[in-house]
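What follows is one structure encoded as structure tokens, with my remarks underneath.
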Amino acid sequence: MDYKSEIASKLAEITGIESEQVYKLIEIPPQVEMGDYAFPCFTLAKTLRKAPPMIAADIAADDRLASLGAMSAKNVGPYVNFFIDRSFYAAKTVDSIIKAGDDYGSDNEGEGKNVIVEYSSPNIAKPFHVGHAFTTIIGNSLAKIYTKLGYNVIRMNHLGDYGTQFGKLITAYRLWGDEKALNEDPITELLRIYVKFHEEEKKDPSLTDSARENFKKLEDGCEEEVALWKKFRDMSLVVFDKLYKRMGMEFDNYNGESYYAKMADDVANMLKEKGLLVESEGAQVVDLEEYGVPPCIILKSDGTTIYATRDIAAILYRHETYNFDKNIYVVGTPQALHFRQVFAVMKKAGFDYADNCVHVGFGLVKFKNMKFSTRDGNIVLLEDLLNEAVAKTREVIEENSKARGQDMTKEQIDEIAEKVGIGAVIYTYVKSGRERDIVFSWEEMLDFEGDTAPYLMYTYARIKSILRKAQEQGIAPARGEDKLSILTSDEEYNVIRTLADFPDAVKKAASSNEPFMISRQIALVARNFNRFYNNSSILNADSDEQKAARLALCEAVADTLKSGLDLLGIGVVERM
């Protein structure tokens, strides 16, 4: 049962406020003895011309609250606090989670609605560094969250595969390219010749003219230049796909800059026909003063299009193709103005679905006390970061395995280290609000007792170990609400309350485009469970009924952790 929604519906009936607004106002009291939910009455004071405590007293005494069933209401100052019967709450919550299993937190609110999530979007022929991981990890998580809520999600990888740099690459490859090196390690070889081009260009300005000429041939569809560009693109995608597969990610569409470039002239003509283009220092722009943003350049002074023109073309294409209800761009915060301009142009041109386009920004990536060897002196490659995380995790697991006398094979250790190491990296990007900068620290990332993926994954593995031992002893988890109603101790109840709040956290994560809502909730679940585990007996509980009920609670926690970690893009391991 969704108690919060039930309370919101009844309070809406009593107060006359819309149910959605009431829902947003309902809080979780900081201490369990203060109740399960609390409704603040401050916002009603002006309308009802009463003091908030008086309003709270009137609401708490309203007979209509009696229909809420196993729940009581009490006014505490300016709040109406709601107390759910613990036996009823425990039985309903744990039973519903066990029945849902890995699907716990799912909803059908998005049924029949299309959501586009654009993320990752690396530049072809350039290394995939840790900065790219931010958009990739946040975007992948959002795609999973919206899917969990029933939306039809289209995962877009808007590749950086267009621009003058490809004229430079074609020139550089013809002059210094090594076919064997390109086949063995495409990105490294393309980066080498790209860097060499810029070094040689300083000494030989004619290289600039050659690059421009090659890019013009590429734009005109000349066979040789297009073939080289396609070769660079395809080879880069092979490298990127390998990384995506390692991180458990996939995309539905790889249309990049080049795909929309051919539509850019149509965009310029459309805006011209609507009378929106004005000249500014030789360029054609759309004035956006009424939207509080600078003019948006559509055509440069030489008549060529820019990123904004192609992004407008992409929106038009996406709406025509997918009729999206939401079009989300997971792109760094520095691009916020660019997207405000693009969306404003769409709005001014009469396309109201511009209001459904959303820019989801994120912070920067920094390193703390980390010595890192990469193939380029001023970037940290994501592949190197993942390899290092896996290697360090393997050391920890091998050490713990020996200390506990566990007999794990090399293959088992490798599999666990891979999942935990990659999980540790991913969690670092989603453990805090996405607009906060990330500061990497190995000690913090791989701490098995801190706010980390290893801690959450270890908690899951610990529960699985308990359930295996119970099975060996012939003890089965309880089934049925009547057998779960005994889970009423403070520590059991604290776990159950955080479990019950998980579906709400999923919805909040979608409404704010913030995976942190998920990581925060499952971290709270894990902390409360480990507190319960350390202070309560499970397999040595006082009665068989209590053992069975607590094992069912363990199951519910494991299902919730697995569901939450999956939404972040992190797998689980059965043992550690």
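Summary of values
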quantity	calculated
Filter result for the condition that a residue is among the basic types (Lys, Arg) and surrounded by fewer than 18 Cβ atoms within 10 Å (Cβ to Cβ), over 180, 168	180
One residue from 59, 28 being under 18 Å from residue 2 (Cβ atoms) and touching a strand residue (DSSP E or B) at 6+ places or on another chain (Cβ under 9 Å)	28
Residue 101 vs. criteria small (Gly, Ala, Ser) and under 22 Å from residue 487 (Cα atoms)	yes
Some residue of the stretch 472-481 being at pLDDT 90 or above and in a helix (DSSP H, G or I)	yes
Hits in the stretch 2-16 - residues which are farther than 18 Å from residue 63 by Cβ and either among the charged types (D, E, K, R) or buried (at least 17 other Cβ atoms within 10 Å of the Cβ) (or both)	2, 3, 4, 8
Subset tally (residues that are in a helix (DSSP H, G or I) and either under 20 Å from residue 201 (Cα atoms) or β-branched (Val, Ile, Thr) (or both)) for the stretch 161-188	15
In the stretch 449-492, residue surrounded by the most Cβ atoms within 10 Å (Cβ to Cβ) [restricted to those that are under 16 Å from residue 97 (Cα atoms) and among the hydroxyl-bearing types (Ser, Thr, Tyr)]	460
Residue count for the stretch 336-362, restricted to those that are assigned to a loop (DSSP other than H, G, I, E, B) and either among the aliphatic types (A, V, I, L, M) or touching a Cys at 6+ places or on another chain (Cβ under 7 Å) (or both)	1
Residue list for the stretch 88-129, filter: of a type in the set (Ser, Thr, Tyr), touching a Ser or Thr at 6+ places or on another chain (Cβ under 8 Å) and within 30 Å of residue 546 (Cβ to Cβ)	104
Candidate set from the stretch 464-501 (those that are under 26 Å from the mean Cα position of the chain (by Cα) and among the β-branched types (Val, Ile, Thr)); member that is farthest from residue 86 (Cα to Cα)	498
Test for residue 369: is it on the phi > 0 side of the Ramachandran plot and at pLDDT below 95	yes
Qualifying strands (runs of 3 or more DSSP E) (wholly inside the stretch 40-134; at least 2 residues being over 29 Å from the mean Cα position of the chain (by Cα) and among the hydrophobic types (A, V, I, L, M, F, W, C))	71-76, 79-84
Test result for residue 453, in contact with a helix residue (DSSP H, G or I) (Cβ under 6 Å, 6 or more places away or on another chain) and either modelled with pLDDT of 95 or more or among the hydroxyl-bearing types (Ser, Thr, Tyr) (or both)	yes
Sole residue being more than 30 Å from residue 108 (Cα to Cα), assigned to a helix (DSSP H, G or I) and out of contact with any Pro (no Cβ under 8 Å at 6 or more places or on another chain), chosen from 507, 547	547
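Residue by residue, here is whether (1) within 20 Å of the chain's Cα centre (by Cα); (2) in the same structural domain as residue 519 (by TED's automatic domain parsing) holds:
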| site | (1), (2) |
| --- | --- |
| 352 | no, no |
| 356 | yes, no |
| 366 | yes, no |
| 386 | yes, yes |
| 392 | no, yes |
| 396 | no, yes |
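The values are calculated or read from the model by the stated rules, or taken from the named source; none is laboratory data. What you see is a predicted model, and the numbers here were worked out from it, not measured in a lab. Using ideal geometry, Cβ is built from the backbone for each residue, glycine included, and neighbour counts are taken over all protein chains shown.
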